[in-house]
1. Considering each of 135, 104 in turn, give the residue that is at pLDDT below 95, assigned to a helix (DSSP H, G or I), more than 16 Å from ligand 1 (Cβ to nearest atom) and surrounded by fewer than 22 Cβ atoms within 10 Å (Cβ to Cβ).
2. Quick check on residue 45: is it surrounded by fewer than 19 Cβ atoms within 10 Å (Cβ to Cβ) and away from ligand 2 (no atom under 12 Å from the Cβ)?
3. Over 27 Å from residue 226 (Cβ atoms), at pLDDT below 95 and either touching a strand residue (DSSP E or B) at 6+ places or on another chain (Cβ under 9 Å) or within 12 Å of ligand 1 (Cβ to nearest atom) (or both): which single residue out of 87, 44, 97 fits that description?
4. Mind listing whichever residues of the range 211-236 are part of a loop (DSSP other than H, G, I, E, B), under 17 Å from the mean Cα position of the chain (by Cα) and over 16 Å from residue 50 (Cβ atoms)?
5. Assess whether residue 189 counts as being within 16 Å of ligand 2 (Cβ to nearest atom) and not in a helix (DSSP H, G or I).
6. Here are the criteria: (1) surrounded by fewer than 23 Cβ atoms within 10 Å (Cβ to Cβ); (2) modelled with pLDDT under 95. Tell me which single one residue 28 does not satisfy.
7. For residue 179, work out the one condition from (1) in a loop (DSSP other than H, G, I, E, B); (2) touching a helix residue (DSSP H, G or I) at 6+ places or on another chain (Cβ under 7 Å); (3) farther than 23 Å from residue 64 by Cβ it doesn't fulfil.
8. Considering only residues that are modelled with pLDDT under 95 and under 22 Å from residue 141 (Cα atoms), look in the range 175-199 and name the one that is surrounded by the fewest Cβ atoms within 10 Å (Cβ to Cβ).
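The values are calculated or read from the model by the stated rules, or taken from the named source; none is laboratory data. Since the model is a prediction, treat every value here as computed from it, not as a measurement. Counting neighbours? That spans all protein chains shown, and the Cβs are built from the backbone with ideal geometry, glycine included.
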Ligand SMILES: Nc1ncnc2c1ncn2[C@@H]1O[C@H](COP(=O)(O)OP(=O)(O)O)[C@@H](O)[C@H]1O
Ligand SMILES: [Mg+2]
């Protein structure tokens, strides 16, 4: 259920936030990799928004632009054209320092491959974003973040001593320690078995239901997508479909099948080639 206004609480970012019902707005987003014959248009004019306190699943075939969309929306990459507004801040108007601060304080990012630092304990991984910002969070905050993901008793374990599901929950605790307005997750359950996936998905759902945070999750799994309030389907860098009704695994799978057999605009562009990231 969309909230009518975002939470006013949260760490100071040094940037001006305005009250809005949308935590994230994307307008005419274009992203291009490479140049010349190696040029790939990864996003081709995507306009959408993510309302405060909602959970959106982003789906679509491999190569359709899902990760690029998430990276641009999270300020990890700059789009070639279009605007991203997060929490009232237009990312293109921010300098590198301001963008870094906004990313650190208001945005959480969770990767398929967890991206934990192998030499650090779970607790040290969780406090890392704040440490990098020159802050030392109280041990009780770190313990609370680990407890929130059910890992109170794993604080001193290193990633290699944890299961995949536990590692992803440490990554989630790390993303949540700053209480971000929005959490982006790129196939967060892609490397997990179904029991571990369920735990991670329930935690993401609880962020929205219990704390009014906004979650945007890329997944290719209709069962995972069924935890969301809304599904976006990308095809060839464009928004091909979006729905909020019929959010069940079977209905989502049917809708994807329909999309695959009846793509908008007909023919697909030529096969893509790899190049320098420049989105
Ligand atoms: N670093 C890169 N260099 C060149 N092309 C890229 C790069 N990253 C992604 N692409 C291309 O951009 C398109 C979209 O990729 P991506 O956003 O990763 O898709 P998805 O996450 O949906 O699989 C694909 O055609 C992919 O090959
Ligand atoms: Mg991807």
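1. The match here is 104.
2. The answer is yes for residue 45.
3. Among 87, 44, 97, only 87 is over 27 Å from residue 226 (Cβ atoms), at pLDDT below 95 and either touching a strand residue (DSSP E or B) at 6+ places or on another chain (Cβ under 9 Å) or within 12 Å of ligand 1 (Cβ to nearest atom) (or both).
4. 220, 221, 226
5. Yes.
6. It fails just one condition, (2).
7. Residue 179 satisfies every listed condition except (2).
8. 179
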